[in-house]
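Trainee: Pasting a structure here, questions to come.
The values are calculated or read from the model by the stated rules, or taken from the named source; none is laboratory data. Small disclaimer: the values here were computed from a predicted structure and weren't measured. Methodologically, a virtual Cβ is constructed for each residue, glycine included, from the backbone with ideal geometry; neighbour enumeration extends over all protein chains shown. What goes into the accessible areas is simple: the full protein's heavy atoms, side chains included, and nothing from ligands, DNA or RNA. Shrake-Rupley method; radii C 1.70, N 1.55, O 1.52, S 1.80 Å.
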Amino acid sequence: DKSDKYDSRDVERLQQDDKWVENYLIWRHDVVDDTLKMIDESFQWRKEYTVNDLSESVLPKWLFEIGALFLHGYDKEGYKLFWFKVKHHTRDPKQQLDKKKLVAFWLEHYAKRDHGKPLTVVFDMAETGISHIDLDFVRFIVNCFTDYYPNFLTKIVIFEMPWIMNAAFKIVKGWLGPDAISMLKFTNKNDVQEYISREYLPPHMGGTDSFKYSYPPLVDDDFQTPLCENGPITSEDEHESKEEIDADTKETGELNEAQNLNQKKMNSIEQISKSEETDKTEVKPKNAKKALTTFKGPLLHISPAEELYFGSKETGEKKCLIVLTNVTKNVVAFKVRTTAPEKYRVKPSNSSCEPGTSLDIIISLHGGFAASLQDRFLIMAAEMDQSSGAGVPELTQFWKEVPRTKVMEHRLRCHVIESSKPSSLTLKDNAFNIPAKTNEDLHIQLTHLLQINKRLEEQMNRCLWFQQLSVVLSLLSVTVAAFCFYLAYAQRS
């Protein structure tokens, strides 16, 4: 009703982004009134803290330099870790607003970059004491997740909380609802690996992560270019590698012939290309319960949109396909980077795509390796001048000179299929098999189950009411009958 209460960009996003609305509903258990209240409060908060305009340039540089707050690494479920190094924080009312804006900056930075995938918060309380206790600041961080960023928190890992802070955290628990309290995980050096693997834990927490925080630049995923496109051929996958290399030669050498081959292999790729040209968002390939998702970027359309599906060691699925479609009128250079270059072959990992054409990127696991939820892929793309060559030297020089502001970036995470018949984007069966259950499917099913549960509770309440009414009526009937017998007996006597 009052447009000045909110930032117009938030209102516009709410009207266009169904996923955002869904997250609010899920976080408030599909109770519409509670959801609307949360949207109202979070939108007012976002305007008060100018969340949409927060950047490195508007915050004091020293806030980034001390390293009290940053994003780095992943937990065992593949969720990003949001670190709060408590020993670097001291109470100071004059700095409190800037520190709170820093929290909002990091959360908004991650939400925009990784499509709002949930976070795991780590309170590293090693070497802390009374001087570091700041309940107001802790409460602000907690409120960000419970009141302002819906469905954004997976768990809060508290490492080595000093006994002197037990009373303080009893107060913190009072601020949390029952759902959030269940997310608190108090740990020490012996059991923190239950939630975070050693590779993302610093040595003082019993880990092997050699990461040292420094600024600038902003801490980000440690993406590296794969070692080489073809990678070492091991005895485990030697037979299949020859076929892959032959197929890739055809793909990179003769694009039209590759597209014809893809049309025979998987009709769904052709459907995706047509859908992108006619501006449709989804196509349902054969043998798939859910349409293949496509990220629509300004330079490239990328399929799949968010996740690459690999099999576990037991299932043996080791290959995934990424389809890039150039939607510009110029040649687009691209390169693919990963956080685990020792595991993957990416072919091609550094090439270009002609205007209006599609190109396949094959990602294969080296023999003996298994995909992990923590693994990430980064696709970088930028437009090239028509006069520029597309050879290796030209591409190398191009990436050295292109401004960062002109580079499109898109991230993909890995998903491991555990079933005996995995549903994945794989080349093994010459067909697209999309996972039957995606996050959206699970959200829909969860919503459906909650609705069913609500109806069952209503039915049970009605049954209990009828049961109680029946008991009362029965008692009344017995009482009336007894009274009638008593009157009859009294008259006879």
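Trainee: Would you please list the contacts, defined by Cβ atoms under 9 Å and residues six or more apart or on different chains, that run from a residue in region 83-106 that is among the basic types (Lys, Arg) and at pLDDT 90 or above to a residue that is open to solvent by 50 Å² or more (accessible area, probe 1.4 Å) and in a loop (DSSP other than H, G, I, E, B)?
Mentor: Lys85/Tyr213; Lys101/Thr50
Trainee: Kindly evaluate Glu41 against the criterion of being open to solvent by 30 Å² or more (accessible area, probe 1.4 Å) and assigned to a helix (DSSP H, G or I).
Mentor: For Glu41, the condition - open to solvent by 30 Å² or more (accessible area, probe 1.4 Å) and assigned to a helix (DSSP H, G or I) - is met.
Trainee: List every residue pair whose Cβ atoms lie under 8 Å apart, where the two residues are 6 or more positions apart in sequence or sit on different chains, the first residue falls within region 153-164 and is of a type in the set (Lys, Arg), and the second residue, located anywhere, is in a helix (DSSP H, G or I) and crowded, with 22+ Cβ neighbours inside 10 Å.
Mentor: Cβ pairs passing all conditions: none.
Trainee: Can you find a residue in region 319-332 that is outside the structural domain of Tyr74 (by the TED database), modelled with pLDDT under 85, part of a loop (DSSP other than H, G, I, E, B) and farther than 21 Å from Thr293 by Cα?
Mentor: Among the residues of region 319-332, not one is outside the structural domain of Tyr74 (by the TED database), modelled with pLDDT under 85, part of a loop (DSSP other than H, G, I, E, B) and farther than 21 Å from Thr293 by Cα, which makes the answer no.
Trainee: Kindly list the number of the only condition in (1) in contact with an Asp or Glu (Cβ under 7 Å, 6 or more places away or on another chain); (2) open to solvent by less than 20 Å² (accessible area, probe 1.4 Å) that fails for Cys353.
Mentor: (1) is the only condition that Cys353 fails.
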